[in-house]
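Novice: Structure provided below as C-alpha cells; questions to follow.
Just so you know, all these numbers are worked out from the coordinates, no wet-lab data involved. Since the model is a prediction, treat every value here as computed from it, not as a measurement. Here Cβ is always computed from backbone atoms with ideal geometry, including for glycine, and neighbour counts include all displayed protein chains.
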Amino acid sequence: MLEKILIEADVASTPIAEAVRRNAKDIEILDVPTGTAEESLRRLGLTAGKRVLLLKRFQGRFFKQCQGLKKEYSCCNLHTLAEANGCTMECTYCILQYYMTSPHLSVFANLSDLQGEIERVIHTQPSRIFRIGTGELSDSLLLDPLTESTRHMVPFFRRLPNAVLELKTKTDSVSNLLDLDHGQRTVVSWSVNPAEVGAREELKTAPIVRRLAAARRVAGAGYPVGFHIDPMIHHANWRDGYAELLDKLLDAVEPRQVAWISLGTLRFPPEMKGTMEARFPRSELRYGELVRGDDGKMHYLRPMRIEMYRHVVDGLLRRLEHESSKPVIYLCMEPPDVWKRVFDLPAPSNAALEHHFAENYWRRFGGGSLPEPKLSDYEGFGGCATEREPAQPSFVPISAVSEARFAAGASPGVST
Ligand code: SF4
C-alpha cells in the first residue's frame, strides 16, 4: 500500500497530478522541487520503496520495442510505453526486483509528451497497425484509481487511425474504463495462473476470481480482452490446474471477445535467485528444475516447457474448436524450435506474426476503421518503427496451425 506521494514541481498542474490529489485520500502528498527527491528514494529498501510514489516528468523515449525482440526469440513486435515504473504488488518471480535501479514507484505525468510521441511514430507507417502496451515495468491498472490515466489514454487511442492499446494487469481496477468511448481500440488483458499458484506466488494481487469478474465486466462494456497465461509454473497439480484455468477463462469471457492468449513459462535472471529466496521464503519456485538458457535466463528444461505448452495449447484448441471467431494463441519469449514443437509447424517470422495479429484484430474488432493489413507492410519492419530487418519466409498462420493439427488428429499425447 502506498503511504506517501511526492509531486515534482514541473508536473504539479498536469491532469495526472490533479487526479492524484483528488483521489489520494489517506495517502500523504508532498510537493517537491523538480529533481530533488530521487536520490534519497534510491536508498530505500525494496519493500519500503514500494510505499512511495513519485510523480515526475519523463525525459527519454516513451515508445519502445518490447524486450522480447531478441534474436533468440520469435517475437510478435509489440511496442511498449514507459508510462510508469514499479509496483506495490509482490509476485515472487517479478523481474523488477532485479531490473529496477530505484525501489520506489514512478508515474510519468507528462502525458501530452507521451501522446505526441505515439502520434509521430505511428504516422510514419500509416498502413501498419501498431499494438502498444503499457505495464512492462509496472501494472497497467494498479494506479489507475489514483491517476485516472486510462481516462486520457483510452479515448486518445480511439482517435488514432492505426494503433491498439493493451492494458495488462493483475488487479480488478476497471471502474474507470467502463463508461469510456473505447471503440474497441483498447484491449484489457490479465496475467493469469491457477488459484493455487496465485495464492503462493502472486502476493497482494487480486485473486483469479476477482480478475475474471473484472474481465467479465470490461467484456460487458464491449472491450476486447486478452489473457496471458504467464509465467506458467510447474507444480504438483499443474495439469489439472491449467485445465481448470482454461475453463474459467472461457467461462468468464466469450471466445469471440478474446483478442489473444499468450503462454510463457517461468524465467528470471540467475542473479535474481538470492533476492527471491530472501524476500519470499515460502515460494516454491526454487524447487523447479531450472537451467540457464541461451538468453542467459533461468528456464525450465526445454522438454518440460514444451510439455506444458502443448498441454495448454491442446486444451485451448479443443475448447475453441467450434468457435468461428478465434483469438491468436502465441508463445512469449520462446525460440523458433520450441514454437515448432508446440504447434507442429515452422515458427513464424516476426513480421509474419505481427501481420497475423493485425489481420486477426482487423477482421474481428477493426470495425472498418483500421487499415486492412497486408503482409508487405509488415515485412522489413521486424523491430521498432525505425529499425529494419529482413522478414523470414517460413510463416504459417496460427489459425492454420490449429486447423492442420485438428485435421491430422495430431494429438501430442497430453490431455486436459
Ligand atoms: S504484478 Fe507485475 S509488476 Fe507487479 S509485482 Fe507482479 S509481476 Fe511485478
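Novice: Mean separation of Cα pairs under 8 Å and 6+ residues apart, divided by the residue count of region 4-407: what relative contact order is that in percent? Numbers along the way, then the final one.
Specialist: On the way: 756 pairs, mean separation 62.4, N = 404.
That works out to 15 percent.
Novice: Roughly speaking, what is the centre-to-centre gap between region 44-87 and region 8-33 when only Cα atoms are used, to the nearest Å?
Specialist: 22 Å
Novice: Per q in 0.06 1/Å, what log10 I(q)/I(0) does a Debye calculation on the alpha-carbon atoms of the chain return?
Specialist: The Cα Debye sum returns log10 ratios of -0.23.
Novice: When DSSP assigns beta bridges and you keep just the ones with both residues in the chain, what percent turn out antiparallel, to the nearest 5? Don't skip to the end; give the middle numbers.
Specialist: Numbers: 13 of 51 bridges.
Taking every DSSP beta bridge within the chain, about 25 percent pair in antiparallel fashion.
Novice: Between residue 112 and residue 3, what is the label-to-label distance in nm when each label sits 7 Å out along the Cα-to-Cβ direction?
Specialist: Result for the modelled spin labels: 3.6 nm.
Novice: Still on this structure, please answer the following. If you build the convex hull over the alpha carbons only and average its shadow over all orientations, what do you get for region 188-285? Give it in nm² to one decimal.
Specialist: On the way: hull surface 25.9 nm².
Orientation-averaged projected area of the Cα hull: 6.5 nm².
Novice: Further question: For residue 158, what is the net charge nearby, where nearby means another residue's Cβ is under 10 Å from its Cβ and Lys, Arg count +1, Asp, Glu -1?
Specialist: Numbers: positive: 159, 185; negative: 181.
Summing Lys and Arg as +1 and Asp and Glu as -1 gives +1.
Novice: Hey, could you grab the Kirkwood Rh for region 317-377? Inverse mean 1/r over distinct alpha carbon pairs, Å, one decimal.
Specialist: Numbers: mean 1/r = 0.0760 Å⁻¹.
Every distinct Cα pair counted, the radius reaches 13.2 Å.
Novice: Nothing charged except the Cβ atoms of Lys and Arg (+1) and of Asp and Glu (-1): what's the magnitude of the dipole of the chain about its Cα centre? Round to the nearest 20 debye.
Specialist: Working: 52 positive and 53 negative charges, 38 e Å.
Charge dipole of the chain: 180 debye, to the nearest 20.
Novice: Just how far, in whole angstrom, is region 91-141 from region 146-165 if you go by their alpha carbon centroids?
Specialist: Region 146-165 and region 91-141 have Cα centres spaced 13 Å from each other.
Novice: So which DSSP H runs in the chain come out at 20 Å plus along the axis (Cα) with average Kyte-Doolittle of at least -1.0?
Specialist: Details: long enough: 238-252 (21 Å, -0.41); 302-320 (26 Å, -0.42); 350-365 (22 Å, -1.05).
Membrane-span-like by this rule: 238-252, 302-320.
Novice: Note down the nm distance, to one decimal, between modelled labels 7 Å out along Cα→Cβ at residue 199 and at residue 48.
Specialist: If labels sit at residue 199 and residue 48, their model points lie 3.4 nm apart.
Novice: Now a separate question. What are the trypsin sites (Lys or Arg not before Pro) within region 198-246 that DSSP puts in a loop, where the Cβ has at most 16 other Cβ atoms within 10 Å?
Specialist: Values: sites: 200, 204, 210, 211, 216, 217, 239; in loops: 204.
Here the trypsin sites (Lys or Arg not before Pro) that fit, given the DSSP loop and packing criteria, are 204.
Novice: Rank by packing, highest mean first: peptides 121-133, 160-172, with packing defined as the count of other Cβ atoms within 10 Å averaged across residues. Write down the numbers at each step before the final one.
Specialist: Values: 121-133: 17.5, 160-172: 21.3.
In descending order of packing, they fall as 160-172, 121-133.
Novice: In Å³ and rounded to a whole number, note down the convex hull volume per residue for the Cα atoms of region 218-364. Don't skip to the end; give the middle numbers.
Specialist: Values: hull volume 19.8 nm³, N = 147.
With only Cα atoms used, region 218-364 gives 135 Å³ per residue.
Novice: Shifting gears a bit: Below 13 angstrom from the Cβ of residue 210, what's the summed charge of the other residues (Lys, Arg +1; Asp, Glu -1)?
Specialist: Values: positive: 170, 204, 211, 216, 217, 248; negative: 172, 202.
Neighbourhood net charge equals +4.
Novice: As a test of understanding, state the convex hull volume per residue of region 11-62 from its alpha carbons, in Å³.
Specialist: Working: hull volume 5.8 nm³, N = 52.
With only Cα atoms used, region 11-62 gives 111 Å³ per residue.
Novice: Still on this model: Taking the square root of 5 times each eigenvalue of the Cα gyration tensor, what semi-axes in Å does the equivalent ellipsoid of region 1-149 have, largest first? The partial results should precede the final answer.
Specialist: Values: eigenvalues 147, 77, 34 Å².
Result for region 1-149: semi-axes of 27, 20, 13 Å.
Novice: Still on this structure: Per residue of the chain, what 222 nm ellipticity follows from adding -39500 (n - 2.57) for every DSSP H run with n ≥ 4, rounded to the nearest 500? Intermediate results must be reported in sequence, preceding the final value.
Specialist: Numbers: 16 runs with 148 residues, N = 416.
Per the formula, -10000 deg cm²/dmol.
Novice: Quick one: net charge around residue 272, please, counting Lys, Arg +1 and Asp, Glu -1 for every other residue with C-beta under 11 Å from its C-beta. Don't jump to the answer; show the numbers that get you there.
Specialist: Working: positive: 267, 273, 279, 297; negative: 271, 277.
Its environment carries a net charge of +2.
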